[in-house]
Amino acid sequence: MLRLLQKLLILLWRIWFYVLIIVPIIILLPFLLISVAKDSWYPYFFKMARLWARIILYGMGFWPEVKRLEKTEMGKSYMYIANHTSMTDIMLMLSSVRNPFVFVGKQELAKFPLFGYFYKQTCILVDRGDPKSRRAVFESAQNRLNQGLSICIFPEGGVPDDTSIVLDTFKDGAFRLAIDHQVPIVPMVFYDNKKRFSYEFFTGTPGLMRVKVLPFIQTKGLKAIDRKTVKEQAFKAIHAELLKDQAYAET
């Protein structure tokens, strides 16, 4: 009986997550529609997106805590990367980063009602099975970087089906873009999102969501041939932090 009640509460809590996604969008709808009317107005949309993200996080009982080993400068472009384990990664990234950035994400999320419209209007969508789509991403990213915006990519390319995987293999896209455009890479570690709100439905708890911004990886002067080295450097930095935290949790 107790287990059944626990599952019911988690079910209601999970449904509340989707309510929190949609309701703020409905309330802010006129302002959101105006903010996506022109590319130059994107920073205003980004401010509302950060507000939306925080409503969801705090509404679900999550408390973000960000530790920065290096700080970004306003007005400068960056490539933000992080490990990917949860739907809340999007909200936590928005809440943690002050510089306006654009997500590079999979097309499937554009199917969500209402949220999908703004996702499609403001993000760079990629169909990973289509080479033409992957090439178009680089053109779109270049336009955004030229506008002074930053880019965010989860380099694992998706959430691993096997939840025991600490960090899945990184794909090249984020590192190729960062080198091509000579922008610093900002590695970020999301320690708790898998535990707080994983893709396993009847799991999760409110609580702390820790973020660590690691020292930046500079790309100035690097060339395409350096892509693999930079990718390995970023992977090792994030992976080491996750393993260290996992070892600490088990002691």
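The values are calculated or read from the model by the stated rules, or taken from the named source; none is laboratory data. The shown structure was predicted, so the numbers you read here are calculated from the model rather than taken from an experiment. Counting neighbours? That spans all protein chains shown, and the Cβs are built from the backbone with ideal geometry, glycine included. Just the protein is used for accessible areas: all its heavy atoms, side chains included, with ligands, DNA and RNA removed. Shrake-Rupley method; radii C 1.70, N 1.55, O 1.52, S 1.80 Å.
In this structure, does Lys212 turn out to be buried (at least 17 other Cβ atoms within 10 Å of the Cβ), basic (Lys, Arg) and not in a loop (DSSP other than H, G, I, E, B)?
The answer is yes for Lys212.
Within the bounds of segment 1-17, is there any residue that is of a type in the set (D, E, K, R), under 28 Å from Gly204 (Cα atoms) and open to solvent by 50 Å² or more (accessible area, probe 1.4 Å)?
yes
Could you tell me which residue of segment 112-124 is nearest to Asn146 (Cα to Cα), considering only residues that are assigned to a helix (DSSP H, G or I) and open to solvent by 30 Å² or more (accessible area, probe 1.4 Å)?
We begin by selecting, within segment 112-124, every residue assigned to a helix (DSSP H, G or I); these are 115-122.
Retained after the next criterion (residues that are open to solvent by 30 Å² or more (accessible area, probe 1.4 Å)): 115, 117, 120-121.
Details: Phe115: 26, Tyr117: 24, Lys120: 20, Gln121: 18 Å.
Checking each candidate, the answer is Gln121.
So which of Arg54, Arg50 is modelled with pLDDT of 95 or more and under 22 Å from Gln147 (Cβ atoms)?
Arg50
Just wondering, is there one or more residues in segment 38-61 that are part of a strand (DSSP E or B) and either within 19 Å of the chain's Cα centre (by Cα) or under 18 Å from Val211 (Cβ atoms) (or both)?
no
Per-residue answers, yes or no, for (1) farther than 16 Å from Cys123 by Cα; (2) part of a strand (DSSP E or B); (3) aliphatic (A, V, I, L, M); (4) open to solvent by less than 10 Å² (accessible area, probe 1.4 Å):
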{"residue": "Trp63", "(1), (2), (3), (4)": "yes, yes, no, no"}
{"residue": "Met74", "(1), (2), (3), (4)": "yes, no, yes, no"}
{"residue": "Leu92", "(1), (2), (3), (4)": "yes, no, yes, yes"}
{"residue": "Val102", "(1), (2), (3), (4)": "no, yes, yes, yes"}
{"residue": "Ala110", "(1), (2), (3), (4)": "no, no, yes, no"}
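Test Ala174 against the criterion of being at pLDDT below 95, open to solvent by 10 Å² or more (accessible area, probe 1.4 Å), over 28 Å from Trp16 (Cα atoms) and in a helix (DSSP H, G or I), and give yes or no.
No: the conditions fail for Ala174.
So for segment 178-201 (the condition being open to solvent by 40 Å² or more (accessible area, probe 1.4 Å), at pLDDT below 90 and among the polar types (S, T, N, Q)), does at least one residue qualify?
no
For the subset of segment 31-54 comprising residues that are open to solvent by 90 Å² or more (accessible area, probe 1.4 Å) and of a type in the set (D, E, K, R), which member is nearest to Cys123 (Cα to Cα)?
Per the criteria, the residue is Asp39.
Which numbered condition trips up Ile81, out of (1) under 30 Å from Asp161 (Cβ atoms); (2) part of a helix (DSSP H, G or I)?
Only one criterion is unmet by Ile81, namely (2).
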